[in-house]
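Enquirer: I'd like to ask you about the structure that follows.
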Amino acid sequence: MAGIIDGKSISLQIKDECKDKVSKLKEKGIEVTLAVIQVGEDPASSVYVNNKKKACEYIGANSLSYQLKEDSTQEELLKLIDDLNNDEKVDGILVQLPLPMHFDEDEVIRRINPDKDVDGFHPINVGRLSIGEKGFVSCTPAGIIELLKRSNVEIEGKECVVIGRSNIVGKPMAMLMLRENATVTVCHSRTKDLHEVAKRADILIVAIGKPRFIDDTYVKDGAVVIDVGIHRPDPDSKKLCGDVDFDKVEPKASLITPVPGGVGPMTIAMLMNNLVNSKF
Ligand code: NAP
């Protein structure tokens, strides 16, 4: 039976560390402020935005909310970003994605000052990560590194297989594991024999976007398995599942993240961590 990596409690530890740092900054008269922009009223996005505001409140940071109408223009959004870039009181700017279809997301991401890009999506921050310079790192993969380290998983010298190569999860994940001196393989939809490659992994990180796709046949005995996926298997189901078939994989793994309560809570905690660390 595998040990469970408890993302809920690790994310709380991180938020509590952020809270301490914010209160120390406040003693010196320094405030920390996140600006959150939402375009339209997509219910899922509203939930994410609210959770980010609640996390700011928890750590003692200020959050400024900007709600643009669904039919607002690219120019209006860019103008708002310019204003926030120029506002010295704002430390972090977050545009909730996805944006409505008529927006050019790449241009929006590039418009955010890289030193306020707490999501770590700006090409400058992606470049900083790839050459090992300090910068903001995409929150979900940064959270996975914290999950591994705080669960005492040794990364150096280990075979790590990342399944998925998206810009927000798979690619930065691979760069971070490389930075931790793992031997890293990245798989994607054109990978020839996914079973054979995945079974090499001491640490298997799954960000494939397909419910319960990875079962025990992909997993080496004793592997550490990190499940990034979040799915509602059917619209009526209250239960969430991941990209990993937990019931089949859990007996084979040495450690595994559950869904919910694994990687999910880490994303917002690392957003707070990025926000607070922008002051240091
Ligand atoms: P994505 O952009 O859809 O990327 C999926 C990746 O999986 C792609 O690189 C794709 O390959 C690869 N893939 C698809 N089918 C495959 C197959 N049969 N064999 C091998 N590789 C395959 O997804 P994402 O944004 O990275 O997200 C991945 C999952 O994580 C989703 O379930 C998402 O909901 C979840 N997620 C969770 C959090 C969190 O906070 N916990 C944050 C972000 C995402 P190609 O590149 O060749 O198409």
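None of the figures in this text is laboratory data; all of them are computed from the coordinates on show. Keep in mind that this is a model prediction, so the values were computed, not measured. Please note: Cβ atoms are built from the backbone with ideal geometry, for glycine as well, and neighbour counts cover all protein chains shown.
Enquirer: Those residues that are over 17 Å from residue 139 (Cβ atoms) and touching a strand residue (DSSP E or B) at 6+ places or on another chain (Cβ under 8 Å), I need them from the stretch 42-63; list them, please.
Expert: Listed by number, the residues that qualify are 46, 57, 62.
Enquirer: While we're looking at this one, here's another question. Could you tell me which residue of the stretch 61-91 is nearest to residue 122 (Cα to Cα), considering only residues that are in contact with a Ser or Thr (Cβ under 6 Å, 6 or more places away or on another chain) and not charged (D, E, K, R)? Before you say what the answer is, go through the steps one by one.
Expert: Of the residues in the stretch 61-91, the ones in contact with a Ser or Thr (Cβ under 6 Å, 6 or more places away or on another chain) are 62, 89-91.
Checking which are not charged (D, E, K, R) leaves us with 62, 90.
Details: 62: 23, 90: 17 Å.
Going through the qualifying residues, I end up with 90.
Enquirer: For the stretch 210-227, give me each residue that is out of contact with any strand residue (DSSP E or B) (no Cβ under 6 Å at 6 or more places or on another chain) and either within 11 Å of the ligand (Cβ to nearest atom) or among the polar types (S, T, N, Q) (or both).
Expert: Result: 210, 213, 217, 218.
Enquirer: Could I ask something else about it? Output yes when any residue across the stretch 99-107 is more than 21 Å from residue 172 (Cβ to Cβ) and among the aliphatic types (A, V, I, L, M), and no when none is.
Expert: yes
Enquirer: If you don't mind, another one. Tally time: how many residues in the stretch 21-60 are among the acidic types (Asp, Glu) and exposed (fewer than 13 other Cβ atoms within 10 Å of the Cβ)?
Expert: Going through the stretch 21-60, the residues among the acidic types (Asp, Glu) turn out to be 27, 31, 41-42, 57.
Next cut, exposed (fewer than 13 other Cβ atoms within 10 Å of the Cβ) only: 27, 41, 57.
Total meeting the criteria: 3.
Enquirer: Just the residues that are of a type in the set (D, E, K, R) and on the phi > 0 side of the Ramachandran plot, please, taken from the stretch 132-163. Give the steps one after another, and end with the answer.
Expert: So the first thing to find is which residues in the stretch 132-163 are of a type in the set (D, E, K, R), and the list is 133-134, 146, 149-150, 154, 156, 158-159.
Selection gives nothing.
Enquirer: Still on this structure, I have one more. Residue 232 passes all but one of (1) more than 8 Å from the ligand (Cβ to nearest atom); (2) in contact with a helix residue (DSSP H, G or I) (Cβ under 9 Å, 6 or more places away or on another chain); which number fails?
Expert: Failing condition for residue 232: (2).
Enquirer: If you scan the stretch 33-54, which residues turn out to be more than 17 Å from residue 16 (Cα to Cα) and assigned to a helix (DSSP H, G or I)?
Expert: Within the stretch 33-54, 43, 44, 45, 46, 47, 48, 49, 50 meet the criteria.
Enquirer: Now a separate question. Of these, 206, 184, which one is surrounded by 19 or more Cβ atoms within 10 Å (Cβ to Cβ) and near the ligand (Cβ under 10 Å from one of its atoms)?
Expert: Details: 184 fails: near the ligand (Cβ under 10 Å from one of its atoms).
206 is the lone residue from the list that is surrounded by 19 or more Cβ atoms within 10 Å (Cβ to Cβ) and near the ligand (Cβ under 10 Å from one of its atoms).
Enquirer: Same structure, new question: Here is a list: 242, 264, 222. Which entry is surrounded by fewer than 14 Cβ atoms within 10 Å (Cβ to Cβ) and of a type in the set (Gly, Ala, Ser)? Even if it seems obvious, please write down each step before you answer.
Expert: Details: 242 fails: surrounded by fewer than 14 Cβ atoms within 10 Å (Cβ to Cβ); 264 fails: surrounded by fewer than 14 Cβ atoms within 10 Å (Cβ to Cβ).
Result: 222 is the single residue among 242, 264, 222 that is surrounded by fewer than 14 Cβ atoms within 10 Å (Cβ to Cβ) and of a type in the set (Gly, Ala, Ser).
Enquirer: What's the number of the only condition in (1) within 21 Å of residue 48 (Cα to Cα); (2) buried (at least 20 other Cβ atoms within 10 Å of the Cβ) that residue 65 fails to meet?
Expert: In the conditions (1) within 21 Å of residue 48 (Cα to Cα); (2) buried (at least 20 other Cβ atoms within 10 Å of the Cβ), residue 65 misses (2) alone.
Enquirer: Quick check on the stretch 148-165. Is at least one of its residues within 9 Å of the ligand (Cβ to nearest atom), more than 12 Å from the chain's Cα centre (by Cα) and exposed (fewer than 15 other Cβ atoms within 10 Å of the Cβ)?
Expert: Keep residues of the stretch 148-165 that are within 9 Å of the ligand (Cβ to nearest atom), which gives 163-165.
Still in the running and more than 12 Å from the chain's Cα centre (by Cα): 163-165.
Filter again for exposed (fewer than 15 other Cβ atoms within 10 Å of the Cβ), leaving none.
No, because not a single residue in the stretch 148-165 is within 9 Å of the ligand (Cβ to nearest atom), more than 12 Å from the chain's Cα centre (by Cα) and exposed (fewer than 15 other Cβ atoms within 10 Å of the Cβ).
Enquirer: Then there is this: Can you say whether residue 193 is surrounded by fewer than 16 Cβ atoms within 10 Å (Cβ to Cβ), within 14 Å of the ligand (Cβ to nearest atom) and over 21 Å from residue 274 (Cβ atoms), as far as the supplied structure shows?
Expert: Values: surrounded by fewer than 16 Cβ atoms within 10 Å (Cβ to Cβ): yes; within 14 Å of the ligand (Cβ to nearest atom): yes; over 21 Å from residue 274 (Cβ atoms): yes.
Judged against the criteria, residue 193 is a match.
Enquirer: Suppose we keep only residues that are assigned to a loop (DSSP other than H, G, I, E, B) and more than 18 Å from residue 207 (Cβ to Cβ) within the stretch 244-280. Which one would you say is nearest to the chain's Cα centre (by Cα)? Before the answer, list the steps.
Expert: From the stretch 244-280, those assigned to a loop (DSSP other than H, G, I, E, B) are 245, 250-254, 257-263, 278-280; that's our starting set.
When the remaining residues are screened for being more than 18 Å from residue 207 (Cβ to Cβ), the result is 250-252, 254, 278-280.
Values: 250: 23, 251: 27, 252: 26, 254: 23, 278: 17, 279: 20, 280: 21 Å.
Ranking the candidates gives 278 first.
Enquirer: Looking at the stretch 55-143, what helices (runs of 4 or more DSSP H) fall wholly within it and have at least 1 residues that are under 15 Å from the mean Cα position of the chain (by Cα) and of a type in the set (S, T, N, Q)?
Expert: Values: elements: 74-86, 105-111, 123-130.
Of the helices (runs of 4 or more DSSP H) lying wholly inside the stretch 55-143, those with at least 1 residues that are under 15 Å from the mean Cα position of the chain (by Cα) and of a type in the set (S, T, N, Q) span 123-130.
Enquirer: Just give me the residues in the stretch 234-280 being within 14 Å of residue 6 (Cα to Cα) and aliphatic (A, V, I, L, M), in sequence order.
Expert: 255, 256, 259, 263, 266, 269
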